[in-house]
Structure formats: structure tokens, C-alpha cells
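Participant: So that we are looking at the same thing, I have put the structure below in C-alpha cells.
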Amino acid sequence: MKEFFELLKKLDLKSIFITPTKNGFLQFFRYLFVGGIATVVDWGILFLLTDIAKIHHLVSAIISFIAGLAANFILSKALVFKQNEAKVNPLWEFVSYAVIGVVGLGITELIMFVITDCFNQYYMLSKVIATVIVLAWNYLARKIIIYKD
């Protein structure tokens, strides 16, 4: 954490975002940053499909989740985990990433169904709650299964 704040104080954005690192805190910060971009993609598409295109929120959530997952995969590979390449071939890396993502999608759909359909709450509220839970799942699963040191 100390290294991160020293880099931040120097405004060394290249080291914060791009330079390969094994620093777990810096990797997690990058993961949150990348996740933020992927979340904007996910939530934006969810809102557009549900409120503008009038598609059911659970169907919209599947489509938006896949778009967010793709954004997350590309950016995570470029910014977060590039310094400790996956210990598997690229095809297996993507398949592992996708399987972890499908579990995350299942968690998302379950949470959205329960909160929105069973408790009659706004679908974006349920999506926010699901996002926080799935963020932790995705990071830990990817770090342990795909990008283990």
C-alpha cells in the first residue's frame, strides 16, 4: 500500500496503471479501475436495454454482463495481470475466465431475481448489490485459478 501512495504522490501514472508489478495492492487497485470501466459498460447497456429497448431486466442483465465481461477480460489482461501471465495456454485462460464469469453471471441473475422480482425493488439496486458481490468473486477466482504466482 505504501508503494501505491508514493507513486500517487509523484503522480507516476505509468507505474500506477501500466508498469508490470507483483504488488497485490496495486494489482487490486488496477482491478478496481478496470472493473469500474467494465461496470460502466455493464450498467449502461443494462439501463439502455431495459429502460429504452424495454427488454426484461433479467435478459438485459445477461447481455450487459457479457459485454462487461469482455471489457474486463481485455483490460485486465492489458493492465492488471499482464506481469504474471497465466500458467495455462491462451485458450484455456479464456475458457477459465469465461467459466468464472458464468458463475458470476449466475450470482448476478439470482440476486437480481430475488431482490427485484421477489422483493419488488428497482432492478438497478439489485444490480449494484450483485456487482459488489461478483467483483470479489471474480478477483479472487481469477487471481487463484488463472493468474496464480
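Participant: If Gly68 passes every condition in (1) more than 16 Å from Trp43 (Cβ to Cβ); (2) free of Cβ contacts under 8 Å to residues at least 60 places away in the same chain but one, which one does it miss?
Facilitator: (1)
Participant: Does any residue in segment 126-149 that is of a type in the set (Asp, Glu) come within less than 8 Å, Cβ to Cβ, of a residue that is modelled with pLDDT under 90 six or more places away or on a different chain, and which pairs are these?
Facilitator: If the second residue must be modelled with pLDDT under 90, the pairs left are Asp149/Lys22; Asp149/Asn84.
Participant: Of the residues in segment 14-60, how many are within 19 Å of Asn72 (Cβ to Cβ), in contact with a helix residue (DSSP H, G or I) (Cβ under 9 Å, 6 or more places away or on another chain) and either in a helix (DSSP H, G or I) or at pLDDT 95 or above (or both)?
Facilitator: Residues flagged as within 19 Å of Asn72 (Cβ to Cβ), in contact with a helix residue (DSSP H, G or I) (Cβ under 9 Å, 6 or more places away or on another chain) and either in a helix (DSSP H, G or I) or at pLDDT 95 or above (or both) within segment 14-60 amount to 27.
Participant: So, one more: Would you confirm whether any residue within segment 78-90 is in contact (Cβ under 8 Å) with a residue 60 or more places away in the chain and under 19 Å from Ala130 (Cα atoms)?
Facilitator: No, the conditions are met nowhere in segment 78-90.
Participant: Filter segment 126-149 down to the residues that are farther than 15 Å from Phe73 by Cα and not in a helix (DSSP H, G or I), then identify the one that is modelled with the highest pLDDT. So that I can check it myself, show each step before the final result.
Facilitator: Step one: of segment 126-149, the residues farther than 15 Å from Phe73 by Cα are 126-133, 136, 144, 148-149.
Add one more test, that the residue is not in a helix (DSSP H, G or I), and what stays is 148-149.
Values: Lys148: 72, Asp149: 57.
Residue satisfying both the conditions and the ranking: Lys148.
Participant: Yes or no: Val34 aliphatic (A, V, I, L, M) and under 12 Å from the mean Cα position of the chain (by Cα)?
Facilitator: When the stated conditions are applied, Val34 passes them.
Participant: Further question: State which residue is farthest from Thr39 (Cα to Cα) when the search covers only segment 107-149 and only residues that are crowded, with 17+ Cβ neighbours inside 10 Å and basic (Lys, Arg).
Facilitator: By that ranking, first place goes to Lys143.
Participant: Taking Ala86 and the conditions (1) under 20 Å from Ala136 (Cα atoms); (2) over 16 Å from the mean Cα position of the chain (by Cα); (3) modelled with pLDDT of 90 or more; (4) buried (at least 16 other Cβ atoms within 10 Å of the Cβ), which numbered condition does it fall short on, given that it satisfies the others?
Facilitator: That leaves (3) as the condition not met.
Participant: What pairs come up if the first residue lies in segment 114-125 and is part of a helix (DSSP H, G or I), the second is of a type in the set (S, T, N, Q), and their beta carbons are under 7 Å apart, counting only those six or more places apart or on different chains?
Facilitator: Short answer, once both residue conditions are applied: Ile115/Gln121; Ile115/Ser126; Thr116/Ser126; Tyr123/Thr50; Tyr123/Thr116.
The values are calculated or read from the model by the stated rules, or taken from the named source; none is laboratory data. Bear in mind that the values here come from a model prediction, so they are computed numbers and not experimental data. Counting neighbours? That spans all protein chains shown, and the Cβs are built from the backbone with ideal geometry, glycine included.
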